[in-house]
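This report concerns only the one structure given below.
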Amino acid sequence: MFVMTKRRKLICVTGLPGAGKSVFCDVGKELGYDIIIMGDQIRKEAKNRGLKNNSEILSKLMIELRKEKGKNAVAEMCKEEINKLENNKIIIDGIRNIEEIELFMKIGEVKIILIRNTSEKRMRLLQERKRSDAPINIEEFKKRDEKELKIGIKEVMKKADIIIDNIDLSKEEFEEKTRLIINNFSE
């Protein structure tokens, strides 16, 4: 007997660092989605290689992995994590290029969410979250954005199904907007 498995719903979140992707994922988790963070795959690989966990090293490793194994190398790493999940509702945080989207489209129904914010607010949010890869100064912040754009994030941004401008929103307003979008996709 042929059994049709339920197709996965993948919300692929993109945006420059500090735009609000982590908050989006926190709301998604509240709503029953499993969360896959692409940057965690890079951090895990850095640890496996005995590398430090800072912005410059992680950025270099991200680029190196894509050169070594193809533009969707990090997505392939995420695919392994996705295949372990029983949940069909998944948010993937940190989409950087079209090749990653193409891979995820083979796994499930994909919606691309772009979260935008001002440079000033993004820099502040990155520093407030106090992760080891937070930019130390504006020059490092700008270099990080440039690397993200070189990888192909701009093309993904152009293909976004939904754009959330997190510019003048309070955290609570952004969370509410996120809830509405995620619930709409879940139907």
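For segment 93-186, with every protein chain kept in place, what is the accessible area per residue (1.4 Å probe, Å²)?
57
Quick one: if the Förster radius is 25 Å, what FRET efficiency do residue 31 and residue 54 give, using the C-beta to C-beta distance and rounding to 0.05?
Here the calculated transfer efficiency is 0.15.
Please state the Cα pair-distance histogram of the chain with 10 angstrom bins from zero: what percent is in each bin?
9, 38, 38, 14, 2, 0, 0
Based on alpha-carbon centroids, what's the gap between segment 117-154 and segment 74-92 in Å, whole number please?
Here the two parts' Cα centres lie 26 Å apart.
Need one word for segment 92-187: rounded, prolate or oblate. Basis is the Cα gyration tensor (sqrt eigenvalues a ≥ b ≥ c); a/c below 1.5 gives rounded, then a/b vs b/c decides.
oblate
For segment 1-116, what relative contact order do you get, as a whole percent, if you take Cα pairs closer than 8 Å and at least 6 residues apart?
Relative contact order, segment 1-116: 53 percent.
Under 5 Å between amide hydrogens, which residues at least 5 positions from residue 8 or on another chain qualify, with H placed 1.01 Å from N in the peptide plane?
Sorted by chain and number, the residues that satisfy this are 109.
What does the C-alpha gyration tensor say about the overall shape of segment 133-187? Classify as rounded when a/c is under 1.5, otherwise prolate if a/b is larger than b/c, or oblate.
Here segment 133-187 falls in the oblate category.
Quick one: of 29/71; 44/147; 29/142; 79/150; 52/111; 84/147, which pairs are farther than 26 Å apart, Cα to Cα?
29/71; 29/142; 52/111; 84/147
Can you give the log10 of the normalised intensity I(q)/I(0) at q = 0.17 Å⁻¹, computed with Debye over equal Cα scatterers of segment 1-63?
Evaluating at q = 0.17 Å⁻¹ gives log10 I(q)/I(0) of -0.75.
Taking the Cα centre of the chain as the origin and placing charges on Cβ (Lys, Arg +1; Asp, Glu -1), which of 185, 97, 156 is farthest toward the positive end of the dipole?
Of the candidates, 97 comes out farthest on the positive side.
Taking a probe of 1.4 angstrom, what is the accessible area of residue 165 in Å², to the nearest 10?
Residue 165 exposes around 60 Å² with every protein chain in place.
Can you pull the percent of the chain's accessible area that's carbon plus sulfur, 1.4 Å probe, other chains left in place?
Carbon and sulfur atoms account for 51 percent of the accessible area of the chain.
The values are calculated or read from the model by the stated rules, or taken from the named source; none is laboratory data. Owing to the predicted nature of the structure, the values given are computational and were not obtained by experimental measurement. In this analysis, Cβ positions are derived from the backbone assuming ideal geometry, glycine residues included, and neighbour counts consider all displayed protein chains. Accessible surface areas use protein heavy atoms only, side chains included; no ligands, DNA or RNA. Shrake-Rupley method; radii C 1.70, N 1.55, O 1.52, S 1.80 Å.
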